[in-house]
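**Q** Please read through the structure below; I'll follow up with questions.
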Amino acid sequence: MTSYSLMRVSRLSLDSFAQRAGIHPELVRRLVALGLLEPTRDGSGRLWFAAPQLQVVARIQRLRAGLSVNYAALGLVMDLLDRVEALEAALRATGNRLPSNTVRSPSSMARCEE
């Protein structure tokens, strides 16, 4: 019988993080080296990840699968998508609407479909 913890995990070890993300620990290390994931290190140098970093991995996997973005370009693409989302949020906050011919970010398109 499988048991599930009812507690929220505040941080995950490298192996636990990789298992939950469904990727190999070596790929996690590569994403850290590229600056795409932001772990903390303990006194002995082990990597620890906050649970929200799993969402970052999911985003990376979507970009890789859907748009064939290579690992080197992922940081730039993710930064640009974050900036577009922030600009769209600022426009919404001021009550301005985007022109109908404006290209929208994938995250805003998902909100429109809801």
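The values are calculated or read from the model by the stated rules, or taken from the named source; none is laboratory data. Please read all numbers here as calculations on a predicted model, not as lab measurements. Backbone-built Cβ (ideal geometry, glycine too); neighbour counts: all protein chains shown.
**Q** So how many residues does the range 9-32 have that are in contact with a Pro (Cβ under 8 Å, 6 or more places away or on another chain) and part of a loop (DSSP other than H, G, I, E, B)?
**A** 0
**Q** Do we have Leu34 as touching a residue at least 24 places away in the same chain (Cβ under 8 Å), of a type outside the set (Ser, Thr, Tyr) and surrounded by 10 or more Cβ atoms within 10 Å (Cβ to Cβ) here?
**A** So Leu34 fits the description; yes.
**Q** Can you find even one residue in the range 59-68 that is more than 27 Å from Ser13 (Cα to Cα) and aliphatic (A, V, I, L, M)?
**A** Here is the first cut: in the range 59-68, the ones more than 27 Å from Ser13 (Cα to Cα) are 66-68.
Still in the running and aliphatic (A, V, I, L, M): 67.
Yes, the range 59-68 contains at least one residue that is more than 27 Å from Ser13 (Cα to Cα) and aliphatic (A, V, I, L, M).
**Q** Mind listing whichever residues of the range 59-75 are of a type outside the set (Ser, Thr, Tyr) and more than 13 Å from the chain's Cα centre (by Cα)? Walk me through it before giving the result.
**A** If we filter the range 59-75 for residues that are of a type outside the set (Ser, Thr, Tyr), which is where we start, we get 59-67, 69-70, 72-75.
Passing the criteria: Ala65, Gly66, Leu67, Val69, Asn70, Ala72, Ala73.
**Q** Answer yes or no as to whether Gly95 is at pLDDT below 95, out of contact with any Phe, Trp or Tyr (no Cβ under 8 Å at 6 or more places or on another chain) and at positive phi.
**A** yes
**Q** Here is a follow-up. Anything in the range 1-39 that is of a type in the set (Val, Ile, Thr) and modelled with pLDDT of 95 or more? List them, or say none. Walk me through how you get there before you give the answer.
**A** So in the range 1-39, the residues of a type in the set (Val, Ile, Thr) come out as 2, 9, 23, 28, 32.
Result: Ile23, Val28, Val32.
**Q** Right, here's the next one. How many residues does the range 38-80 contain that are in a loop (DSSP other than H, G, I, E, B), touching a strand residue (DSSP E or B) at 6+ places or on another chain (Cβ under 7 Å) and buried (at least 16 other Cβ atoms within 10 Å of the Cβ)?
**A** Total satisfying the criteria: 1.
**Q** Follow-up. When you look at Glu113, is it surrounded by fewer than 16 Cβ atoms within 10 Å (Cβ to Cβ) and either among the aromatic types (Phe, Trp, Tyr) or at pLDDT below 95 (or both), yes or no? I'd like the intermediate steps shown before the answer.
**A** Numbers: surrounded by fewer than 16 Cβ atoms within 10 Å (Cβ to Cβ): yes; either among the aromatic types (Phe, Trp, Tyr) or at pLDDT below 95 (or both): yes.
Yes, satisfied.
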